Amino acid sequence: MFLDPDQCYRALRTHDARFDGRFFVGVGSTGIYCRPVCTAKTPLARNCSFFPSAAAAEARGFRPCLRCRPELAPGYATVDANRRLAQAAAGLIEDGRLEDASLAELAGTLGVTDRHLRRVFQEEFGVSPVEYAQTQRLLLAKRLLTDTAMPVLEVAMASGFASLRRFNDLFRTRYRMSPGQLRKAAPANRPPDRLSFDLAFRPPYDWPAMLAFLGRRAVAGVEAIDGRRYRRSVRLERAGKGHSGWIEIAPSTRKSALRVTASASLAGAVPVLLARVKSFLDLSCRPDEIASALGPLAAAHPGLRLPGAMDGFEIAVRAILGQQVTVAAATTVAGRFAKAFGEPLDTPHEGVERLFPPASRIAGVAPSDIAALGVISARAKAIVALARAIEAGTLRLEPSAPVEATLASLVSLPGVGPWTAHYVAMRALAWPDAFPHPDVAVLKAMRETKAGRALERAEAWRPWRAYAVLHLWKSLEQDSRKEPR
């Protein structure tokens, strides 16, 4: 990624949050690298070097600032093909996929060669995927040492290091301090039974709108809203091992951030958890870019974000259950589905006591068992077919999945049409250009009667059509009968 030093320095002087996470500045006089929003005294321009990623700054010998904490910076969303590929690879690396797979296997997951992946990754982040992975492990360890009470050995393991010795040596070499020294400087009184993290975003962020969207679709037993807090059960997999627990998300006391609290049972899957939450809450979004593209459509509700998915299979099941019914009806049936096939979970939060069933469980269920819950037979068969495709590995529902191939796989399933496929792509794949044009609410808001005509008009909103959909839905929010699934 090309960075103009003059433009970067102007952004640094203004501490503009719109540029947070888009570049990092290394200060030659101190050997430290910072985010552009750092509150420390602005260094002289001649002492500044600019980098497209934290990994690139560390590769040049800079260590992270303890004040602005580069590990808290939001990600960078894009729709450019090569950049989206690099971002997808970065997401998989942050998930810990390079811990138990080679770069060639990672590239194969993304449908490209490892040579091509290395090239586009270097262009985007200024380092190789392996160097990026190493920096991500160190920054995660730094976050865990600062924000949790986890023992140093557990921090090393949770961050993806194979041994405590390797972790200590690399930490001292890169950051010029030991893990113990950083732990002593961290705030005290961190509860041992839970983990807490702040995840930054670029303002504005309409949290009440996100909370309302999730609240209207909350599946009984799986999700719950308590005031300004969102809670849910979570099942994650890392290095072939399953982890189950709960999370709570609420506004942070830190400026432009959300606080994520998780049960200690998820400590072994922290990289996956944080990557999943960032995508789920659309924390890499650039609101200014989207507002500029959508114009008057976005003016009334700045800061709307694209709700993602903690579990792609769950979103796809809920989309199928929501075909041609109201939000309330779909949510009720989804609650029955979770109660019938999900596993119980012990949590301290009322209303969160069950895990949504995984594809592996539903792949072996007879469609008639699902139909017995009040689901139309065709939709029951579609859910089982969906589960079997995921279980067989022919369908991936996560942000790194190839969009066009995934859409084609979805519509090839019985009972899945363009609306369902695009809704799933919008949420499970976090595809910003998804456009479920047959949606009744979209047509009503656009004052169109033909889906084809709506699709033509939506060309003006590309590549942010999914955000246009959010604003169209928002305009019809008062009529709950016409809300999307």
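Among the residues making up region 54-63, those that are assigned to a loop (DSSP other than H, G, I, E, B) and under 18 Å from residue 142 (Cα atoms) are 61, 62.
Counting only residues that are open to solvent by 20 Å² or more (accessible area, probe 1.4 Å), over 29 Å from residue 97 (Cα atoms) and out of contact with any helix residue (DSSP H, G or I) (no Cβ under 6 Å at 6 or more places or on another chain), give me the strands (runs of 3 or more DSSP E) lying completely in region 174-250 with at least 1 of them. If you could, list the steps in order and put the result at the bottom.
Details: elements: 194-200, 223-226, 229-238.
Passing ranges, in order: 223-226, 229-238.
Screening residue 43 with (1) more than 29 Å from residue 431 (Cβ to Cβ); (2) in contact (Cβ under 8 Å) with a residue 40 or more places away in the chain gives one miss only, at (2). Here's a check for you: in region 162-173, which residue that is open to solvent by 70 Å² or more (accessible area, probe 1.4 Å) and either within 19 Å of residue 66 (Cα to Cα) or not in a helix (DSSP H, G or I) (or both) is modelled with the lowest pLDDT? Here the residue is 162.
Determine, yes or no, whether residue 121 is modelled with pLDDT under 95, surrounded by 22 or more Cβ atoms within 10 Å (Cβ to Cβ), farther than 23 Å from residue 34 by Cβ and touching a Phe, Trp or Tyr at 6+ places or on another chain (Cβ under 8 Å). When the stated conditions are applied, residue 121 passes them. Note on region 1-53: residues that are outside any loop (DSSP other than H, G, I, E, B), farther than 20 Å from residue 288 by Cα and among the aliphatic types (A, V, I, L, M) total 4. Within region 401-418, the set of residues being under 22 Å from residue 279 (Cβ atoms), open to solvent by 60 Å² or more (accessible area, probe 1.4 Å) and part of a loop (DSSP other than H, G, I, E, B) comprises just one member, 402.
Is at least one residue of region 296-305 at pLDDT 90 or above, buried (at least 19 other Cβ atoms within 10 Å of the Cβ) and in a helix (DSSP H, G or I)? Yes: one or more hits. For residue 291, the conditions (1) modelled with pLDDT of 95 or more; (2) open to solvent by 20 Å² or more (accessible area, probe 1.4 Å); (3) more than 24 Å from residue 263 (Cα to Cα); (4) not β-branched (Val, Ile, Thr) are fulfilled apart from (1).
Taken over region 243-266, the criterion of being over 20 Å from residue 344 (Cα atoms) and more than 18 Å from the chain's Cα centre (by Cα) is satisfied by 253, 254, 255.
Against the conditions (1) of a type in the set (A, V, I, L, M, F, W, C); (2) closer than 19 Å to residue 285 by Cα; (3) open to solvent by 40 Å² or more (accessible area, probe 1.4 Å); (4) touching a residue at least 40 places away in the same chain (Cβ under 8 Å), residue 19 satisfies every one except (4).
Taking the stated definitions as given, is residue 133 at pLDDT 90 or above and closer than 20 Å to residue 160 by Cα? Against the criterion (at pLDDT 90 or above and closer than 20 Å to residue 160 by Cα), residue 133 qualifies. Inclusion of residue 66 among residues that are in a loop (DSSP other than H, G, I, E, B) and either modelled with pLDDT of 90 or more or within 21 Å of residue 134 (Cα to Cα) (or both) is warranted. Under the condition of being at pLDDT below 85, open to solvent by less than 30 Å² (accessible area, probe 1.4 Å) and over 9 Å from residue 400 (Cβ atoms), the residues counted in region 88-103 number 1. Scanning region 419-451 for residues that are open to solvent by 40 Å² or more (accessible area, probe 1.4 Å) and farther than 19 Å from residue 324 by Cα gives a single hit, 447. Look at region 123-150: where a residue is under 14 Å from residue 57 (Cα atoms) and a partner is hydrophobic (A, V, I, L, M, F, W, C) and not in a helix (DSSP H, G or I), sitting 6+ places away or on another chain with Cβ atoms under 8 Å, you get 124/1; 125/1; 126/1; 126/51; 135/127.
Residue count for region 344-373, restricted to those that are farther than 18 Å from residue 217 by Cβ, touching an Asp or Glu at 6+ places or on another chain (Cβ under 8 Å) and not in a loop (DSSP other than H, G, I, E, B): 3.
Using the structure shown, decide if residue 343 is open to solvent by 20 Å² or more (accessible area, probe 1.4 Å) and within 23 Å of the chain's Cα centre (by Cα). No, not satisfied. The set of residues in region 316-334 that are under 23 Å from the mean Cα position of the chain (by Cα), hydrophobic (A, V, I, L, M, F, W, C) and open to solvent by 10 Å² or more (accessible area, probe 1.4 Å) is empty.
There is at least one residue in region 255-263 that is touching a Pro at 6+ places or on another chain (Cβ under 6 Å) and modelled with pLDDT under 95. Residue pairs whose Cβ atoms lie under 8 Å apart, separated by 6 or more positions or on different chains, with the first residue in region 50-67 and of a type in the set (Asp, Glu) and the second part of a helix (DSSP H, G or I), are 58/135; 58/138; 58/174.
The values are calculated or read from the model by the stated rules, or taken from the named source; none is laboratory data. Just so you know, these numbers come straight off a predicted model, no measurement behind them. Here Cβ is always computed from backbone atoms with ideal geometry, including for glycine, and neighbour counts include all displayed protein chains. Just the protein is used for accessible areas: all its heavy atoms, side chains included, with ligands, DNA and RNA removed. Shrake-Rupley method; radii C 1.70, N 1.55, O 1.52, S 1.80 Å.
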